[in-house]
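Note sheet for the following structure.
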2 protein chains.
Amino acid sequence: MRIETLCTGDELLTGLTSDTNSRFFQALLLERCGLTVRRSTVVGDVREDLIEALDTLAARCDVVLVSGGLGPTTDDLTIECAAEAAGVTLLEDPVVMAHIRARFEQRGIALTGNNRRQARVPEGSEAVLNIEGSAPLVIQRRGACTLFFVPGVPREYRHLVESFVIPKLEAMTASSRSTVTRLLVLKTMGVPESHLDAKVQPLLAKHPAVTFGYRTHAPENHLKLLARGASVDVVEQVLAAAAHDARALLGEVVFGAGDDTLAKVVGRALLEKRFTLAIAESCTGGLISAACTEVAGASDWFIGGAATYAVSAKTTWAKVPQALVAAHGVVSAPVAEAMAVGVREVLGTTCGLSITGYAGPSGGDAANPVGTVFIGVATPAGAAVEKHRFGGDRERVRLFAAATALDVLRRRLAGS
Amino acid sequence: MRIETLCTGDELLTGLTSDTNSRFFQALLLERCGLTVRRSTVVGDVREDLIEALDTLAARCDVVLVSGGLGPTTDDLTIECAAEAAGVTLLEDPVVMAHIRARFEQRGIALTGNNRRQARVPEGSEAVLNIEGSAPLVIQRRGACTLFFVPGVPREYRHLVESFVIPKLEAMTASSRSTVTRLLVLKTMGVPESHLDAKVQPLLAKHPAVTFGYRTHAPENHLKLLARGASVDVVEQVLAAAAHDARALLGEVVFGAGDDTLAKVVGRALLEKRFTLAIAESCTGGLISAACTEVAGASDWFIGGAATYAVSAKTTWAKVPQALVAAHGVVSAPVAEAMAVGVREVLGTTCGLSITGYAGPSGGDAANPVGTVFIGVATPAGAAVEKHRFGGDRERVRLFAAATALDVLRRRLAGS
């Protein structure tokens, strides 16, 4: 089965943005259907280019995933071009129109004439409602080729690809597919990708049915285990055995699998112990709290987090003694410990987590240059501080610091 | 001049990585040569696909930038395919070979047979040494088309594109280049893309030298103004006039331009007035503080932000009276106002910003369903509360709520 993707949008050709949607589709396609995309093409919002690409791809592919250009504005040309290329007219789909009208009513926004554009589909094609947006998923058949049209807005793209396109492709390939493919991802913190690769080498001979791969999702590194086999049972057994050995080999650097996040794992560990958490963060300025509260149900274990940016916020919200700051400086182990202990006491939680450091671009000194952070943890077992140093710019230091703070708490809760 | 890019690499088609190199080239091409890439194609490490793509692109383009597949291993096929497609042989370039040998000696690494592969270039083409790596930049002419071959390793790609490819293209286009291109992006909050499009329509006739485009960067919508003209001065005047009219037409929904973010704009407004800010956020749980502290130098205006998730955190950190919560419920206008007023008083800042709401998936009631948020602002001019409602899942509600809170403060500071 030959599958290609076609993305449209001037912004993908003028340096404004990169196509990151395709990667999502490609990974799911490999994992769920055992297939890879043969070629991917990006064209601008140019009528002749779109039509030429649609014709060329429809002629040589079994499946084409087209994304972008489904918005309501006049530079959104994809559906018009799909009709023109196929030599059919555009028809307003009453179900899609009702969906769009309901969305606008719900939001109390007036419907403008150009919103009707999003309800038009090429004659003979199928429209699937999009609960994340106005433009539907459009499925068009041209000869032996099936074309799927999805919006380029990432959340709409992901929803429609995952809920409709991939299941359709699974169904289309089910009869011809003799093997089942499954992917299992183990997530690690604190180990470089090259070390992960070297460490895992002994497993390759032991698990020949598993393909080992790596992916950096900074600051995490992920180990991907891909297995193919005759049935779901066989493949899942093969994967479970390989994952078991990989976990044994790698130890505590593995923090989770699948859609685990550091915050989810920390939340589960806290819930199991019936613990609660308070945070005082300086250089990360809210990132750790935001990561925790991203988890649905976080209110069961997350009580509050303070972005104590100024010294006055540290003394007010985490009861850090002013004298301690004066004696050791605001970026220091004693202040980090006082923040963790203080915030735990102020909010009356079981655990306190803190961070203070220099995210840059300015700040820091010879002993503690930009990138240095102190992470404090206070639990019923006592308080501790770790010093870390991260390279890169402000954004990277903050990203690594926030994730590392959660990882320090995770390892502490695991008793290591 | 028609320019296209061709990237090769299996990893770009299996979900392992996205092509982020092209964006670098595209932005420089627009900025320095006033040109845009017409189409971009990604193929895997498949001989027939590479040759077919090279032939197709060479036939229709003036310039093709090819990246990837220049490494030493057997799955690096690009240069072989370039020779085969052009019907010429591969020759070892002695200067490149000496460069590779020197690199390996300098590092004390033994040269292996396959490293010689990187010194081979198609007969009749030009090789430019690459100080960042082994593979040279190869420039091949086929008929009216010039093909540039660069390695896909980002550091090498960027170096060769910036130092050689772009200057060559500047020289190639200097005589024919009669026009300069510039892009200006205006960023808006609180107006749907379709309304933006409709509102801007009258400007199209008034500014015929400007192309208007739209981009959704949820929850923001961006208006893109692209102008071409005889000189930088002319183009910048044309853009400034169009931007002036667009701002006048759209009013306060335009919050910034270029690389402005809501937090940067709010920070500038606070600094101008010598104001400081404290935040108490519930459902967004740290997102607003994280956005503020992403701005370098935020410590000049951001004092602290509390993710007051539990009621106890609201009463402790923002001095919200327990009785008020009992009387009105935690998601209510009085509590939002008390949070903004309270956090401002607790940290002694000029302004207080607060949010309380239901991000979902659970919570809410008939009057205030999931997606409802109350945003409180307290400034020297007094306190105010806005009620908003956002659709979508937890992640979307939090994203929209955090941005809207900053936007409410922005408008308040602007005196509207």
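The values are calculated or read from the model by the stated rules, or taken from the named source; none is laboratory data. Since this is a predicted model, take the numbers as computed values, not measurements. So basically every Cβ, Gly included, is an ideal-geometry build from the backbone, and we count neighbours across all protein chains shown.
A few remarks follow.
- Considering residues of the stretch A:349-360 that are touching a helix residue (DSSP H, G or I) at 6+ places or on another chain (Cβ under 7 Å) and outside any strand (DSSP E or B) only, the residue modelled with the highest pLDDT: A:ALA359
- Hits in the stretch B:383-402 (condition: farther than 19 Å from A:ALA290 by Cα and at the interface with another protein chain (Cβ under 8 Å from one of its Cβ atoms)): B:ARG389, B:GLY391
- Here the condition is being within 28 Å of B:LEU28 (Cα to Cα), in contact with a helix residue (DSSP H, G or I) (Cβ under 8 Å, 6 or more places away or on another chain) and either charged (D, E, K, R) or not assigned by TED's automatic domain parsing to the domain that holds B:VAL121 (or both); of B:ASP93, B:ASP76, it holds for B:ASP76 alone.
- Checking every residue in the stretch B:375-394 against the condition of being of a type in the set (Ser, Thr, Tyr) and farther than 21 Å from A:ILE109 by Cα gives at least one match.
- Flag not set for B:VAL343, criterion: more than 14 Å from chain A (Cβ to nearest Cβ) and either among the hydrophobic types (A, V, I, L, M, F, W, C) or within 18 Å of A:ALA290 (Cβ to Cβ) (or both).
- Scope the stretch B:212-237; condition of a type outside the set (A, V, I, L, M, F, W, C) and within 20 Å of the chain's Cα centre (by Cα); matching residues: B:GLY213, B:TYR214, B:ARG215, B:THR216, B:HIS217, B:PRO219, B:GLU220, B:ASN221, B:HIS222, B:LYS224
- Sole residue being among the hydrophobic types (A, V, I, L, M, F, W, C) and crowded, with 17+ Cβ neighbours inside 10 Å, chosen from A:VAL234, A:VAL265: A:VAL265
- Boolean, A:GLU220 is surrounded by fewer than 16 Cβ atoms within 10 Å (Cβ to Cβ) and either over 22 Å from A:LEU35 (Cβ atoms) or at pLDDT below 90 (or both): no
- Considering residues of the stretch B:100-135 that are of a type in the set (Lys, Arg) and more than 23 Å from B:THR146 (Cα to Cα) only, the residue surrounded by the fewest Cβ atoms within 10 Å (Cβ to Cβ): B:ARG107
- When residues of the stretch B:312-339 are limited to those that are outside any helix (DSSP H, G or I) and of a type outside the set (D, E, K, R), the one nearest to B:LEU277 (Cα to Cα): B:ALA318
- Of all residues in the stretch B:361-382 being more than 20 Å from B:VAL341 (Cβ to Cβ) and in contact with a Gly (Cβ under 7 Å, 6 or more places away or on another chain), the one that is nearest to the other protein chains (Cβ to nearest Cβ): B:GLY371
- Test set (1) within 20 Å of B:LYS264 (Cα to Cα); (2) assigned to a loop (DSSP other than H, G, I, E, B) - B:ASP407 fails condition number: (2)
- Test: residue in the stretch B:326-344 that is more than 17 Å from B:ILE375 (Cβ to Cβ), of a type in the set (A, V, I, L, M, F, W, C) and more than 28 Å from the chain's Cα centre (by Cα): yes
- Count of the stretch B:35-59 residues which are touching a strand residue (DSSP E or B) at 6+ places or on another chain (Cβ under 8 Å) and either part of a helix (DSSP H, G or I) or within 11 Å of another protein chain (Cβ to nearest Cβ) (or both): 17
- Those residues of the stretch B:60-92 which are part of a loop (DSSP other than H, G, I, E, B) and under 14 Å from B:GLN118 (Cα atoms), in sequence order: B:GLY68, B:GLY69, B:LEU70, B:GLY71, B:PRO72, B:THR73, B:THR74, B:ASP75, B:ASP76, B:LEU77
- Remark: pairs (first residue in the stretch A:303-316, more than 7 Å from chain B (Cβ to nearest Cβ); second residue buried (at least 24 other Cβ atoms within 10 Å of the Cβ) and modelled with pLDDT of 95 or more; Cβ separation under 6 Å; 6+ apart in sequence or on different chains) = A:LYS314/A:THR308; A:LYS314/A:VAL320.
- One residue alone among A:THR74, A:THR78 is surrounded by 22 or more Cβ atoms within 10 Å (Cβ to Cβ), touching a residue at least 24 places away in the same chain (Cβ under 8 Å) and polar (S, T, N, Q), and that residue is A:THR78.
- The number of residues in the stretch A:292-351 being crowded, with 24+ Cβ neighbours inside 10 Å and polar (S, T, N, Q) comes to 3.
- Counted as qualifying within the stretch B:206-297 are the strands (runs of 3 or more DSSP E) with 1 or more residues that are free of Cβ contacts under 8 Å to residues at least 40 places away in the same chain, within 11 Å of chain A (Cβ to nearest Cβ) and touching a strand residue (DSSP E or B) at 6+ places or on another chain (Cβ under 6 Å), namely B:210-217, B:220-229.
- Number of positions in the stretch A:369-396 that are part of a strand (DSSP E or B) and charged (D, E, K, R): 3
- Listed by first and then second residue, the pairs with beta-carbon distance under 6 Å, at least 6 apart or on different chains, first residue in the stretch A:1-29 and over 23 Å from A:THR181 (Cβ atoms) and more than 7 Å from chain B (Cβ to nearest Cβ), second part of a helix (DSSP H, G or I) and hydroxyl-bearing (Ser, Thr, Tyr), are A:THR8/A:THR78.
- Taken over the stretch B:60-73, the criterion of being more than 11 Å from chain A (Cβ to nearest Cβ) and at pLDDT 95 or above is satisfied by B:CYS61, B:ASP62, B:VAL63, B:VAL64, B:LEU65, B:VAL66, B:SER67.
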